[in-house]
Every structure is written in structure tokens, then in C-alpha cells.
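The values are calculated or read from the model by the stated rules, or taken from the named source; none is laboratory data. Being a predicted model, the structure only gives us computed values, none of them experimental. Positions of Cβ are backbone-derived with ideal geometry, glycine not excepted, and every protein chain shown enters the neighbour counts.
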Amino acid sequence: MTTTNPTRPAADTFGMYTVGAPIADTKAPTTVPIDKMWTTRKFDAKLVNPSNRRKLSVIIVGTGLAGAAAAASLGEAGYNVQVFFYQDSARRAHSIAAQGGINAAKNYNGDGDSVYRLFYDTVKGGDYRARETNVYRLAEVSANIIDQCVAQGVPFAREYGGLLDNRSFGGTQVARTFYAAGQTGQQLLIGAYQALERQVAKGTVTQFKRHEMLELIVVDGRARGIVARNMATGELETHLADTVVLASGGYGNVFFLSTNAMGCNVTATWRAHRKGAYFGNPCYTQIHPTCIPVAGDYQSKLTLMSESLRNDGRIWVPKRAEDCDKDPRQIPEDDRDYYLERIYPAFGNLVPRDIASRQAKNVCDEGRGVGPKVGDFRRGVYLDFAESIQRLGRAAIEEKYGNLFDMYAQITGESPYEVPMRIYPAVHYTMGGLWVDYDLQTSITGLYAAGEANFSDHGANRLGASSLMQCLGDGYFVLPNTIRDYLANGPFPKVAADAPEVTGALAAAQARIDRLMAINGERTVDSFHRELGHIMWEYCGMERTEEGLLKAIGLIRSLREEFWRNVRVLGSADSLNQSLERAGRVADFLELGELMCIDALHRRESCGGHFRAESQTEDGEALRHDDEFLYVAAWEFAGGADGVVGTPVLHKEDLVYKSIELKQRSYK
Amino acid sequence: MNLTLNIWRQDGPNAQGRMVTYQLADVSEHMSFLEMLDVLNEQLVEKGEEPIAFDSDCREGICGMCGLMINGKAHGPEVTTTCQLHMRSFHDGDTITVEPWRATAFPVLRDLVVDRSAFDRIIQSGGFISVNTGAAPEAHSVPVPKPKADRAFESAKCIGCGACVAACPNASAMLFMGAKVTHLGELPQGQPERWARVVKMVSQHDHEGFGGCTNTGACADVCPKEIPLDVINQLNKDLRGSMSKRA
Amino acid sequence: MDPVATTTLLTGETTARRTTVFMKFLMATTGALFVFYVLMHMYGNLKIFAGPAAFDEYAEHLREILVPILPYSGFLWLFRALLVVSLVVHAYAAFTLWSRANGARPQRYAVKNAAKGAARTKMMRWGGVTLLAWLIFHLVQFTIAKVNFNGAFSADKLKLDGHPSTGLLVIASFQLWWVVLIYLIALVALGMHLFHGVWSGAQTLGWTNSATSRRLAHTTAHLVAGIVVLGFAIPPLAILFGIVKG
């Protein structure tokens, strides 16, 4: 059902952005049926003679699942690959932290799964804000991913017959999730990492560890290299190639507290954005309802607890605010508010992620949150297993959730067997990213984006166990096939080391570092980052309003202004300097944050992870406006010097659904 | 709680290092050990002193980036990663000595940050199964007996943090290597390269300057992923096997 | 790329025989030979309870093993050669690994808490050195120079049927408390060396892959160490306390 609302006023840009020409993907062969498109595209993509591949060079930034898989595959094919990452080893990229599993349309259980069903579930789960051609291809390559990983030695869970085990995940009706205990991401990444190291040994791939990309080099309209800082020595280096792939992950750390790793950042993609790559749907953020709450001002990150806990735990807060600091076990049943069971009697504690998250925020805003006070509020709700333990016995609960309970106890010092767990939502994935076409090429020729770094196949909301699938699909199967179509036109004219585009990019990176080092202000980098996170979480988090977003934009602008005047970075730029690394990342987050707010402000509808309070049904459910917003928002940068963000230009890519019927998402 | 911290400071790879003592007040027992260092660093920056460099990334015990020698124990008093160690494991008035991993193969870059590239090179030397993308057979074509699959998984849990090397009296990386040899060697997919793999990996290990194993078990005692000592036995067995089966 | 480490990936052929693990195999196999030898030696020592004549006869018999095939003393000399070679290999491997270990961590930790691991390794190394020193003393005393420290026994009194008797020398020697003490100290070192050595050897040879085999290796290590210490301690103590007399 497409919702129309004739009384809505015409879109107001608030002077925050302008609307540019629409864009469209031109690479998907839309003349053939959707299930033939990928085969057709692979056939149409030009080939590169094996003897010529060594002469063609590829730069890849990031060694998570997408980057490592692409680097290994392109190296195997014989291209000359250089790979950059900020960690000390390619094996540490944050893909490693994914717990649940990886989806694939294998239908090993004969329960009716198929490529089409996985495609259908993904588009629907993304609230009809993803490009259907890309999603279909993702579902199509998903089965190959499992084959590849098994051949690499990824130790997936198996049944006694020796075959692979599957589980159903995230409320899907088929069991299509492959897993390795609670460490699927780790095992997949080690598989990709080993394939990558094999190529390093063969000499097809060169690794640059502890290197951070600071600038993109664009020559004659083509991405031709990067400026990277060797974080161990502080040296700025330029690296040139025929094409550049960004697989640098998501930007959840704009919220300061998230389930991302400490080093996750937007710098690589933001620098590309500044050079002309469009940023797609930056406001689409996924907030996970079951994380361990913030314990104090010193908190550096948040830890996710598997969503499966909601199957047996009951969520509640005290009815009265004055009970909030009491021992929960002393609060009688009548004084507890099992608010999800009360508001959603049909779904109870199993309502979708976004609803569970938003309601937790609401009860805490009312002053009924539990746990330690952080700022003016207690940010936590109880997830209580007392009843389950009584009903099923402690042993049964221990078998199901033992390792999660141990992890919780390790972090909080409280045993969930004795005291109700405390949980609170946290940012853990960003659906937005660099806009790409069917070939994963950005709006800059020769610049590709893969994995969480692109605006991706997940639309406005990602389903569980789908991020690993997308990253590996992009890295192993999509990029190696599409990038050859581009490389077949190469090698491109050699770029001189002293070309103005190269020296200009290097000088820009150097100037930025020099400026950061020279400010010598009063405040630490982390204090700015923390403040930005508060703003984003408050106004661009689980629930967004026009008023709040306008306020946030103002706050971010003044914070950014203060940052460039008052940040304190000690030490020197020519050695390992972690404050400097963070300062550069926070500077970019301060620019991205504004764009996220503008995107959220312009999208006056609720869809997936983006909830606009002004656009909800009577039951408080997300309400889409397909008549107005059935498009990808691709933002063009229109700013200037560091810290200066001009008025961005909105390019709309209309979403066309030919193979799937557009419906309003409903949980009834 | 109030703490006295003795922390190794070293300005660069070739600089002379020294222990520096810091006092830190009002530490919450709910902080993680690294958050405690974050707080110390914020205070140092405010005072105009350079913060202490230390590695960490995921801070949920899985990436293997963090790793500190705390009071002579790799990752501190609990069997976990440094990032998952919490201050409730310490007491008011404690003196805590923090040092980097010490091994020739893990040179110090700055303060508490070391270079663990040697581990990558050990993997490069043979810690993989050679299969090109797209060359894989259907996943169900080779069943794997569950006990073997389970042992492979248990060994594959290694996060490459280097605590085994740090704790070993010989600075040996046998537990790290044994875990990889066992992971790949238990699986049918890993058989074709099994004998060559172990020889190449151990040769690279020795070349890196790690010490030999003396079967003390100090490594397994501190391993945050509780990799058992018997993976070293497996490595030894495979190396012995390689002498008759390689050719 | 690597700011500090200059180590590179090995190129060319690698061989198992040049690894530290192979060194350990050498230690384990030569160690196993010594375990066998020590048990036989212990058995021979117990002959002292049957009197010095029986003891000497046993020693004489060793020289006659395989006599028609080998010349007189041939087997004994071959075996001695094997033992010497084994000892050299065992010690060479030990010292090589020891020096590697020192090179692997030139900068020590300020706080040492790796108690268990470090203690065991130290025990093996310094215990091994102690044993080596004692072994030289022991060989000089009873095999090479046949030195008698006991003034109560003249050279004549150490003869049996006109021939110098090793059995009598043993009895004479262990009537001295300090000789017994030296041997007891050496036995403690030997016991600990065997205890960790037997277990460690089993692990090195890859025999401890299951929980059962690990238990078995531990039990065997305890048993071998216990039997050897007891078996070797009994004769000197019996002599010292006058239970066995010349």
C-alpha cells in the first residue's frame, strides 16, 4: 500500500540543501529479466588478458570482509594490488566482531528458501529503500560465498552427519543462516585474511599496515591514488594506481558510543565525498535494542548482546520513577511496567528492533530508566530472566545463553541469573555510505566502494546476518567481475609523482595535519567527539524531529567551529601519535554529522531505521511516504576548506520495483 | 579507588624506554582497564603531557589488537583480553605495572605498542588453504565429522593477540602456530597442504626470532580464548609426520 | 612497510630438520634413551644388596653381552658411544634452544609473574647443568679414575679375589655422608628432570593428543621419576646406615 497524504506541505529545504539533477544506475542490464542480469553483466563486462593484469594496479582501503576478499580475489586474478589498513594486521578489521551468522540461499533444509525469497526478504526488511537489481544479485551470489568459505577452511557449525547446520535468525521463516558459534564474523574474516596473506606471499598483493588514507587523488576525473599516513612513522605517502576501492566500513562512531571498534571512521569515504563521490542515504542508521548500557562518563564503547535474549527475557521498568534506584528484585510485580507486553500485546518482547529501541528510549525519557545515572537520566531497562529460570530451570537457560550471561557478568560484574540484566539500544550499523552503481562504482570514475562503506543493499534497515553476506558478496564475486570492465581500458596514462593533483592532495593532507597540530587549544579530541556523539544520539538517533534536527545542525556547526579553534593535539606529527589520528577522524565526523542531520531532515517520512516522529501511524509505527520519498538520496559535497561545509546538493535516484510489489511494512 | 601506575614509556622504536609512575584517583570499578588508561590519558593531555600510546580496537575481546603485560601477567589477572579486564579485579591502593609484550619478534613501536607483523608472515608462509575465488566445490560435497569440525573451530578461535608469546619464558609462538596447524589440519580441505604447511610455518617462526617450545604451558594459561596446549602436540606430531609423508 | 621489523618472508626450500621443533625431537629421543638407560642402571645398582661379588659379576656380565658376535666389551663400548653421542646431542639441543630463548627476549619484564612456566624451564635448564656436572663427577668416581674418598679403605681392601672391585668401591664411597648427600641432591635434580622430561618428550613427540594420552603421559612421568629416585636412593642409604656392608 502506498501512502499519500495530500495535506503535507511541499518540501522545504530550510536553506540547508539544494536539489540537483537526478541520477540513475546505468550498469544493470535492465532489458533482461532480473534473474539473468548478473550473468548478462558478467558476460558484457570486458575481459583483461592474464598477461596484462600484472600491469594494472588496484588500491584497496580496508581489510574487512569486503576489502580482504576483494584484495585476495584480485590478487589471485593477477592484478597488482596494494592494500591499506589502520590496524596492525589485516585480520583485525571490525568485521571480526559480527556474532550471529551469514545468510545464504542454499535451501539445505528444504524449507522453501530460494534466491527470490532471500531477495524478497532483504528488500522488504530494508523497507523498500534498496535498489532491487543489486539486492537480487546479492541473493544470487550468496550460495557461492558459503562454498568459498568452506573450501578455505572456515569452521562453520556442523551436524553429526557432517553437513552444515543452519539456524533461523532475525525472525525469518526459513533457516538460512550459517554460523560458527557466536563468532561467525571472526571465522569468515580469518578465511579472507588467510587468502589475502597467501597473495602477499605470492607477491600479487602488498600490504600497508598502520596506514590511514587521508586524501583521494583524482586525475582527469579518474580516481588514481591516495595519500596515506604511515601511523607508525608519521610519514605521508602517495600511492598511485589505475583504480581505487574503498572498503573502509561504516561510520557508526559519529555517535561516539557505538558497537563499532575504536578506530572505525569515516575518513576514507568522507575524503572521497569531498572529492566528488556522492554520499547515499547518510541518515540510515541501525540501532540495536539489546546492548549493555552506558555505565559512566568514561565509557569508550558499547557491547552488543545477541538479540536472541529477547526470546526468553521479559523487558520492564518500574511504574514509578522513585523505584528506579531500588534493587529490582525488591520491586513487587504490581509496580513493574512490562511496557512492550502492555503496548504490543500480540508481539510483546519480540517486536522489531526499531520499535523495541524506541520504546526503551521513551520510558527512559519519562525518567523510569534503571541503572546508574549518566547525565540527568538513567539509561537502561531490565531484561528479566527470573520467570524463565523458574519455568525452564537454570540449566536450560544456561545452555541457551550461558556464554552471553558470562560476557554480561564479565563487563558489568552482575550475574543475570541473580539480578535482571540491564540493556539499552546502541548504534551498530550504518546503511548509508558512498553511492554506487550496479558495478559498485561511485560517482567518481574509477573509484569503487564495497561492504558497509557503500550505501549498500540494505535500504533503510539491514536484516540480521546480511552484512557479512553483502561484504563477502561484494568482495569475492561482484568487484572482481565489474572492476575488470573498467581495468580493460587501462593501463591509464602514468601519473607523474609531481603532477599537480598528486602534490596538491599531499599538500592538503599535510596542511590539515599542520593545522591540527598548531591549534594547541584547551580541549581534548575525545571531549569534542563525545559532545558530537551526544548531539547525534539525542537528535539524530532513534527518533528524529524537524525541530531537533535543526537544533542539532546548529550545535554541530558551532562545535565544529570550536574544534578548529580549540582542540589540543600534543606530541609530534612525525611519529606514532594517537591523538592526531583521532583528531583527523573527529574532524571528518563533525562534517558528516551535519550531512546526516540534513538527510534526516529532508526525509520527512519514517522508513526502516529512520524514524521521523512527524510520520507515524496511529499505533506509533513507522509510516513511509512512497509518493514522495521512493528514492535514494545521493548527496554531493559543495563545501570548501577543512571544517567548511557548504550547502550540499541532493541528487535523487528513483527506486523502481519491477520484480517485487511495494508494500507497507507491517508487524500485525 | 586510587591507584599507582608504573607504565613503560618509550618515544620510538630505537629510543631508550623507562618506567614512569603516575597517580590516578577516583577510578570506578566498572571501568575496563583500557578505559582507566583513557582517563589517565585525558588527564595527561589536560596537563600538557603526551598521552600513553597503546593499541586497542574492538574493545569486545575479539580483534586481538590490545595486549598489555599487567603486573607480570599477559592481559592481567583474569583469563581474558586486556579490553575485557575490569577494574573490579584490582583494589584501592594497588600499584599496577604495565609493560608492552616483550619479544625480539615483537619490537616496541612506542610506549605500549608493539609490532606483531611476524604473525602475519607466519600465516603468509603457509597458514591458509590454497583455493582461488570461484574455484570452490559445493559446500556439502565434503562432509566433515563433527568432532573434527569442532576441534577445528576450537583452534580457530585464536585472535592473534600474542599473549602466548608474551607469557612464554622462551618467547615462543608455538601456541599461535599450533592453533592454525590444528585448525586447518583437522579439516579435509586442509589435507593436501598439511605436511608442507607445518614445515613452512615453523621455519618462518624460527626465522622471526621466536624461541623454541619447552612445553611449560605458560601460553595456554594466559590465552584469552583458552586454546589448549594440545595444539602444540598436534603441531609436533604433524612436523614429525611431514618427515615421512611429505615428499 | 614495517617500520621496525626487518625480517622477511623465507624463500626457497624449507626442511623440518632445521627447525626448533626438530631440535626438540632430538632432545626427546635422546632423552628417551637415557630414561631406558637409567632404569637399567638402577636395576644393576640394586645388585649391591646381593653383595659386592654379585655386583661385580653383573658388571662383568655386561661386558659379555653378544660376545660371540661382538668382541669382549664390544657391546658395552658401542652402548657407551651411543650414550656419549646422545648426551652431546641432548646437551647441544638444550643449549641451542636456551640461547635462542635468551635471544628471543633480551629485554626482561620488570615484574615477573609467569611463575609456573619460567620455573619449570629454569628447573630443566639449571637442573640439566647440575646433572651434567654431577655426571662428570660420577663417571670419574666410579668409571674412569675409580677414585676412593674413604680413607678407611686402602687400595688392598678394595680388591676382591685380587682384582679391584667396583662393588667394594661403591660401598666404601657411600659410607661417607657427604658423598651420599651429593648423590641425593643429584637425584632430586634427576627426578625433576625426568618428571618434566618424560611429559615434555611425550608432548614433543606428539603422543598427547587426547585427554587419555595426556593423563597417561602425566602418570608415566610421575611413575618414572618416582621409581628412579627411589631405586637409586635405596643403595647409598642402605650402605650409609650399615644395612649393606663390605
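For A:M305, the test of being without any contact (Cβ under 8 Å) to a residue 60 or more places away in the chain and either within 14 Å of chain B (Cβ to nearest Cβ) or farther than 26 Å from A:I355 by Cα (or both) is failed.
I'd like to know if region C:227-242 contains one or more residues that are closer than 30 Å to B:G217 by Cβ, surrounded by 19 or more Cβ atoms within 10 Å (Cβ to Cβ) and not aromatic (F, W, Y). Break it down into steps so the answer makes sense when it comes.
Kept after step one, since they are closer than 30 Å to B:G217 by Cβ, are these residues of region C:227-242: C:227-233.
Next, only the ones that are surrounded by 19 or more Cβ atoms within 10 Å (Cβ to Cβ) stay: C:228-229, C:232.
Okay, now just the ones that are also not aromatic (F, W, Y), so C:228-229.
The answer is yes; a qualifying residue exists.
Identification of strands (runs of 3 or more DSSP E) wholly contained in region A:201-272 with 1 or more residues that are within 14 Å of chain C (Cβ to nearest Cβ) and in contact with a Leu (Cβ under 9 Å, 6 or more places away or on another chain) yields A:205-208, A:222-230, A:236-240.
Per-residue answers, yes or no, for (1) touching a strand residue (DSSP E or B) at 6+ places or on another chain (Cβ under 7 Å); (2) more than 25 Å from A:F255 (Cβ to Cβ); (3) not assigned by TED's automatic domain parsing to the domain that holds A:K400:
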residue	(1), (2), (3)
A:R310	yes, no, no
A:W316	yes, yes, no
A:C324	yes, no, no
A:Q330	no, yes, no
A:E333	no, yes, no
A:L340	yes, no, no
A:F347	no, yes, no
A:R353	yes, no, no
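Here's the yes/no breakdown for (1) more than 26 Å from A:D35 (Cα to Cα); (2) within 14 Å of chain B (Cβ to nearest Cβ):
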{"site": "A:G126", "(1), (2)": "no, no"}
{"site": "A:N134", "(1), (2)": "no, no"}
{"site": "A:S142", "(1), (2)": "no, yes"}
{"site": "A:C149", "(1), (2)": "no, yes"}
{"site": "A:V154", "(1), (2)": "yes, yes"}
{"site": "A:G162", "(1), (2)": "yes, yes"}
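Tell me, please, whether a residue that is of a type in the set (D, E), surrounded by 24 or more Cβ atoms within 10 Å (Cβ to Cβ) and either assigned to a helix (DSSP H, G or I) or assigned by TED's automatic domain parsing to the domain that holds A:A68 (or both) can be found in region A:462-483.
Taking region A:462-483 and keeping what is of a type in the set (D, E), we get A:474.
Now drop any that are not surrounded by 24 or more Cβ atoms within 10 Å (Cβ to Cβ), which leaves A:474.
Now drop any that are not either assigned to a helix (DSSP H, G or I) or assigned by TED's automatic domain parsing to the domain that holds A:A68 (or both), which leaves A:474.
Checked region A:462-483: at least one residue is of a type in the set (D, E), surrounded by 24 or more Cβ atoms within 10 Å (Cβ to Cβ) and either assigned to a helix (DSSP H, G or I) or assigned by TED's automatic domain parsing to the domain that holds A:A68 (or both).
Scan region B:119-157 for residues that are at the interface with chain A (Cβ under 7 Å from one of its Cβ atoms), more than 25 Å from C:N209 (Cα to Cα) and of a type in the set (A, V, I, L, M, F, W, C) and jot them down. Result: B:V131, B:A136, B:A139. Residues of region A:539-577 that are within 14 Å of another protein chain (Cβ to nearest Cβ) and either buried (at least 23 other Cβ atoms within 10 Å of the Cβ) or outside any helix (DSSP H, G or I) (or both): A:V567, A:R568, A:V569, A:L570, A:G571, A:S572, A:A573, A:D574, A:S575, A:L576, A:N577.
Across region B:218-231, which residue is farthest from the other protein chains (Cβ to nearest Cβ) among those that are in a helix (DSSP H, G or I) and within 13 Å of B:V165 (Cβ to Cβ)?
Within region B:218-231, the subset in a helix (DSSP H, G or I) is B:218-222, B:230-231.
Among the residues that remain, those that are also within 13 Å of B:V165 (Cβ to Cβ) are: B:218-220, B:222.
Values: B:A218: 3, B:C219: 8, B:A220: 10, B:V222: 8 Å.
Checked region B:218-231; the qualifying residue farthest from the other protein chains (Cβ to nearest Cβ) is B:A220.
Name the single residue, out of those in region B:12-38 being in contact with an Asp or Glu (Cβ under 9 Å, 6 or more places away or on another chain) and more than 27 Å from C:R108 (Cα to Cα), that is farthest from the other protein chains (Cβ to nearest Cβ). Only one residue tops the list, namely B:V27. Return a yes/no flag: does region A:67-83 have any residue that is outside any strand (DSSP E or B), more than 13 Å from every other protein chain (Cβ to nearest Cβ) and either closer than 20 Å to B:G160 by Cα or out of contact with any His (no Cβ under 9 Å at 6 or more places or on another chain) (or both). Checking region A:67-83: at least one residue is outside any strand (DSSP E or B), more than 13 Å from every other protein chain (Cβ to nearest Cβ) and either closer than 20 Å to B:G160 by Cα or out of contact with any His (no Cβ under 9 Å at 6 or more places or on another chain) (or both). The listed residues are A:Y160, A:Y136, A:Y193, and the only one of them that is surrounded by fewer than 24 Cβ atoms within 10 Å (Cβ to Cβ) and in contact with a helix residue (DSSP H, G or I) (Cβ under 6 Å, 6 or more places away or on another chain) turns out to be A:Y160.
Of the residues making up region B:200-221, just one is of a type in the set (A, V, I, L, M, F, W, C) and surrounded by fewer than 24 Cβ atoms within 10 Å (Cβ to Cβ), namely B:A220.
Among C:S213, C:S200, which is modelled with pLDDT of 90 or more, more than 19 Å from the chain's Cα centre (by Cα) and of a type outside the set (K, R)?
Details: C:S200 fails: more than 19 Å from the chain's Cα centre (by Cα).
Going through C:S213, C:S200 in turn, just one is modelled with pLDDT of 90 or more, more than 19 Å from the chain's Cα centre (by Cα) and of a type outside the set (K, R): C:S213.
Taking the criterion of being of a type in the set (A, V, I, L, M, F, W, C), within 7 Å of chain C (Cβ to nearest Cβ) and part of a loop (DSSP other than H, G, I, E, B), the residues of region B:174-217 that qualify are B:F210, B:C213. Of the residues in region A:180-197, at least one is over 25 Å from the mean Cα position of the chain (by Cα) and under 30 Å from A:K209 (Cα atoms). Among the residues of region C:148-176, the ones that are surrounded by 12 or more Cβ atoms within 10 Å (Cβ to Cβ) and outside any helix (DSSP H, G or I) come to 11 in all.
Can you find even one residue in region A:118-131 that is touching a residue at least 12 places away in the same chain (Cβ under 8 Å), polar (S, T, N, Q) and at positive phi? Steps first, please.
Within region A:118-131, the subset touching a residue at least 12 places away in the same chain (Cβ under 8 Å) is A:118-131.
From what is left, the residues that are polar (S, T, N, Q) are A:122.
Then keep just the ones that are at positive phi; that gives none.
Scanning region A:118-131, I find no residue that is touching a residue at least 12 places away in the same chain (Cβ under 8 Å), polar (S, T, N, Q) and at positive phi, so the answer is no.
Condition check ((1) in a loop (DSSP other than H, G, I, E, B); (2) of a type in the set (A, V, I, L, M); (3) not assigned by TED's automatic domain parsing to the domain that holds B:G76) across all residues:
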{"position": "B:V20", "(1), (2), (3)": "no, yes, no"}
{"position": "B:Q23", "(1), (2), (3)": "no, no, no"}
{"position": "B:D26", "(1), (2), (3)": "yes, no, no"}
{"position": "B:E29", "(1), (2), (3)": "yes, no, no"}
{"position": "B:E35", "(1), (2), (3)": "no, no, no"}
{"position": "B:Q43", "(1), (2), (3)": "no, no, no"}
